[in-house]
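Below is one structure, written out as structure tokens; comments come after it.
Read-outs throughout are calculated quantities, based only on the coordinates presented, and are distinct from any laboratory measurement. Nothing here was measured: the structure is a model prediction, and the numbers come from that model. Positions of Cβ are backbone-derived with ideal geometry, glycine not excepted, and every protein chain shown enters the neighbour counts.
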């Protein structure tokens, strides 16, 4: 009989077309509307910032892996996603070197030193943003819009001047803020793409946003900004004026730093919703999304431990 | 009515259109036939012929080696030329009887059987045991043992597994369409064993013609019903089929009979009919030959002992050089390094692919996406269990319900990092189960 060179492997012998690379690429595509709007809104400096953070992130991963003689993993596009997300979280007026420094921190310290893709317990882009926020508070909290240094809508809200806000502009994104966070429409368009391509599930962002709305709907009453419980203008301002949408759809859904269990994902969303509400309403600064997500990241092992699914035949079979 | 199904599972490309419309064709054995003595779970059969003996078609050549065992019959007439270890489809060497076919197919006189209505339960069970029938869906559990639960009166449902959820395989589909009456005959035999049981034919809803056919054939029998279950892998997994059809759930350490159910697949029920009503031993089965590397995919009735090579030839041989050949389905079948292996009682299909999807991409790091958890029909956490298995932490493996794995492979299928999750978990599971038995 003829000699054949047949492959042997354990079953299954067919595989889904979805790969780590294809998932990351979908995330990049989903971030394009927000990126494009950021460039339109803030000008060419925003474009350069996005390019700097993205290129630095990819280069850092490449160099680190080369130097450590590890397989180079830049072709899975995960470093690209991290770089782009960090860029979208930078104020458009921050110096470019700061963006580069943030990318190095995200990839080198938060991701690679903890073991590379899948091993980091904090979201790299958000950690880098917070690192920059603490190190260069002035640059990171100065927002210039149309040539004028002004307060972000959230800062206005915090000061209790709700009437000064134009919620239509906030929806569109024609407001000061970081490069990618201002346009809710652009962010949601990307998010819908991710949900339709089954890259993300609505569970985490949905629970996060709903919890947050309930929280500020109730407790906003106790700050001077909101009119009664569940003030619609106040809630809209909170949803559209800061980093909540970008955070909820693109940072909180980061696979690596979110719980793997279904129930855990709900718990995680609730944690982030409450923490964001607490920070924004009662914290020292106007924004609270980054810290809320990072703290929830740290709760993930605990959340997973208490939300382990029940196996089939032991209660887990029920729909 | 809502479609009946279970949580989790996957929808792989089914590939069934390749062989679906090809009627079952007979395959003629060639010169040499190989009969492994272990084609089932349990004790190997004991050879009762010696080298040099002449045998007839339908003659018993090996007897059951214990209660959990099954005899083996010759499917040709000829001469025993060897009793020696031969490679079986799973890649291991198994003691086998080798028979040289004389091409005359001289057949034994089969004993006359009484009509079903006159047979006692014990006689029926003995006929099934003596015919060498085992679960032909893949597990190969001796059917007589399965049909002998501790409390037969407590069996409420006999479920005919007509799901055929593995991609590419259409053997059961063709059998239902072409031999539906034998299938129903088999069900009636089994129902005779269990006075309180109802028969359920569970068919995936991608086979509406089978549903129609079975409904037509059973319309006058109020003990038998036909239900549509959702097309989803692993819908034909025993535990998941029981849940989908009856709402009863068993964990891995339980038996279907614990919740009053017995599941038999299409081929097994047809063999039961042949054994009890026609008095013939189990000698052949329907095998689907498919995949993009096969010239003319189809369905074939193959006598046991015929080599895979002969069956592939019957399907026109290879269209292109295959990179992978699988005995069984693409989700749970075995990759073969040689096609010089015999068709056995559990060989449901031969698949040949020009490209091996597994070799396409190296496994990479887990990104914790949770797709495996979502897909797992056993509702466990494959990514975590595979990590635990790789650390070889037996205690944690058992704690994290690793023993509940049904080895369906959904986790490996969906993994975007292409990790061999099922392989790691199954290997660890084997170790833990072996320890438990001691």
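Averaged over its residues, how many other protein chain Cβ atoms are within 10 Å of peptide B:396-408's Cβ atoms?
Mean inter-chain Cβ contacts per residue within 10 Å come to 2.
Springs between alpha-carbon atoms under 10 Å, Gaussian network over chain B: tell me which of B:163, B:50, B:62 tops the mean-square fluctuations.
Ranking B:163, B:50, B:62 by mean-square fluctuation puts B:50 first.
How do B:411, B:162 rank when sorted from fewest to most other Cβ atoms within 10 Å of their own Cβ?
Fewest to most other Cβ atoms nearby, the residues stand as B:162, B:411.
If you count, for each residue, the other Cβ atoms within 10 Å and average over each peptide, how do B:130-136, B:385-391, B:80-86, A:50-56 line up from highest to lowest?
Ranked by mean Cβ neighbours within 10 Å, highest first: B:130-136, A:50-56, B:385-391, B:80-86.
Tell me the Kirkwood hydrodynamic radius of the protein assembly as shown in angstroms, computed as one over the mean inverse distance between distinct C-alpha pairs.
It works out to 29.1 Å.
Enter the mean number of other protein chain beta carbons within 10 Å of the beta carbon of each residue in B:327-339, as an integer.
Partner-chain Cβ atoms within 10 Å, mean over residues of B:327-339: 4.
Using the alpha-carbon centroid of each, what span in Å lies between the stretch A:117-162 and the stretch A:59-84?
Answer, in whole Å: 26.
Among A:113, A:67, A:80, which one moves the most in a GNM of chain A with springs linking Cα atoms closer than 10 Å?
Residue with maximal mean-square fluctuation among A:113, A:67, A:80: A:67.
Mean separation of Cα pairs under 8 Å and 6+ residues apart, divided by the residue count of the stretch B:73-171: what relative contact order is that in percent?
Averaging sequence separation for qualifying contacts and normalising by length gives 17 percent for the stretch B:73-171.
How high is the relative contact order of chain A? Use alpha-carbon pairs under 8 Å, at least six apart in sequence, and give a whole percent.
RCO, chain A: 17 percent.
Sort B:42-48, A:99-105 by packing, meaning the average of other beta carbons within 10 Å per residue, with the highest value first.
Descending packing order for the listed peptides: A:99-105, B:42-48.
Using the Cα gyration tensor of chain A, with a ≥ b ≥ c the square roots of its eigenvalues, what is the shape: rounded (a/c below 1.5), prolate (a/b larger than b/c) or oblate (neither)?
oblate
May I ask for the Kirkwood hydrodynamic radius of the stretch B:371-437, worked out over all distinct Cα pairs and given in angstroms to one decimal?
11.4
Kindly rank A:209-220, A:115-126 from highest to lowest mean number of other beta carbons found within 10 Å of each residue.
So the order, starting with the most tightly packed, is A:115-126, A:209-220.
Which of these, B:366, B:410, B:376, has the largest mean-square fluctuation under a Gaussian network model of chain B (Cα springs below 10 Å)?
B:366
Under the classification rounded if a/c is under 1.5, otherwise prolate if a/b is larger than b/c and oblate if not, where does the stretch B:116-276 fall, given a ≥ b ≥ c as square roots of the Cα gyration tensor eigenvalues?
It is rounded, given that a/c, with a ≥ b ≥ c, falls under 1.5.
Per-residue mean of other chain beta-carbon atoms within 10 angstrom of the beta-carbon, peptide B:412-422?
If you average over the peptide's residues, the count of other-chain Cβ atoms is 5.
Below 8 Å, C-alpha to C-alpha, sequence gap of six or more: please give me the relative contact order for chain B in percent.
It rounds to 19 percent for chain B.
Cα atoms only: what Rg and Dmax, in Å, come out for the stretch B:248-358?
That works out to 16.6, 48 Å for Rg and Dmax.
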